[in-house]
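What follows is one structure encoded as structure tokens, with my remarks underneath.
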Amino acid sequence: DYKANGYLCEVYMETTDGLNCYASVTCNDGKKEYNAGKETWNVCYQGGRQYFTDSRIGEFSITFREKDSSGQGLTGPVLQVKDIDNWMEIPVSNLAHQKWMDEDCAAHAGTKCPDGPYICTNLQYDTSKGRTRNWKCGVPMRGMNFPGLDSNKPTNARDYAPGWCGVHVTQFQKPNPAKDGYRLEAKIFDANQNEIGNSVAAGKTGSKIVFNSKLPMPFVVNSRAVDADPLDFEYGPERWDSNEQAAHHCKMGAYDNGKRDMDCGFRCD
């Protein structure tokens, strides 16, 4: 559900009368339609694979591999996304059927019925209710993960995925505020959410840490005077603190057992 999970998008697929192929991708930033006028889907027939590009999920394709029993409707859609295991096939109908069986199990007071998470669902397959067939699937945005679907953007020559990186910091309180400083530990994650730098592994600890990662420039985290103060960050020309939510989407937890955790994002082209 893209409404509940900001890193997911919904891919909707539809055919009517064995023709009129249509798709859309909806994320929290809006909906983009493909073949809205039902005239530009070049291979809207059984076995035809149509390619698309969406800035949120990347390149993807849809293939309708089957027809229904009456031979009037295209079915058996296979969704493929380039960034998910290099065009891994997502068998939409099979996954939707599994969801239906689990829900049917629960509806009939079954025990130990699985309850997801589910990737795809079938919206309309009852031939008595019309000749339109449609499905929808949840797909992670580029570089994000969902159980069974790991989207990975290409890495560069420095072996990291550029774009939007993240930093996770743990700040340990002063053992003796009168004489001790804070201790900081930080990890850097690339646009694929893979760890590409670690201050502890780099041998950097203390109230201010400057450490290298796979990124081309050092990353800096600095503490201030008291527990309530934010932390300061530096990467290249960028400067911000852990209270910055608009541009860097920082989230800071409360102290618990002598430490607190925080996360921020930053550009890492």
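Table for the structure above
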quantity	calculated
In order through region 77-89: 3J(HN,Hα) via Karplus (6.51 cos²θ - 1.76 cosθ + 1.60), integer Hz, x for Gly, Pro	x, 10, 9, 9, 10, 4, 6, 9, 6, 6, 6, 4, 6
Dipole magnitude (debye, nearest 20) for region 164-267, charges at Cβ of Lys, Arg, Asp, Glu	260 debye
Whole-number Å³ per residue for the convex hull built on Cα positions in the chain	167 Å³
Local electrostatic count at V210 - Lys and Arg +1, Asp and Glu -1, tallied over other residues with Cβ under 9 Å	+1
Separation of alpha-carbon centers, region 1-44 and region 174-252, rounded to whole Å	40 Å
Shape category assigned to region 164-267 from the gyration tensor of Cα positions, a/c cut at 1.5	prolate
Given charges at beta-carbon only (K, R positive; D, E negative), |dipole| of the chain in Debye	280 debye
Between 0 and 90°, nearest 10: helix 92-107 axis offset from the chain longest Cα axis	90 degrees
Reach of K251 by Cα under 20 Å, taken over lysines that are not fewer than 8 positions away in the same chain	K3, K187, K208, K259
Net length gained if the chain between Q245 and M88 were fully extended (0.36 nm per residue, minus Cα distance)	53.0 nm
Least to most buried among F172, F219 (fewest other Cβ within 10 Å first)	F172, F219
9 Å beta-carbon shell around P162, net charge (K/R +1, D/E -1)	+1
Cross-link partners of K67 among lysines (Cα-Cα below 26 Å; sequence separation of 8 or more within a chain)	K38, K82, K99, K129, K136
Charge tally in the Cβ shell below 13 Å around G138, where Lys, Arg are +1 and Asp, Glu are -1, G138 excluded	+2
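Throughout, read-outs are computed from the coordinates displayed, never taken from laboratory work. Note that this is a predicted model, so its numbers are computed, not measured. Please note: Cβ atoms are built from the backbone with ideal geometry, for glycine as well, and neighbour counts cover all protein chains shown.
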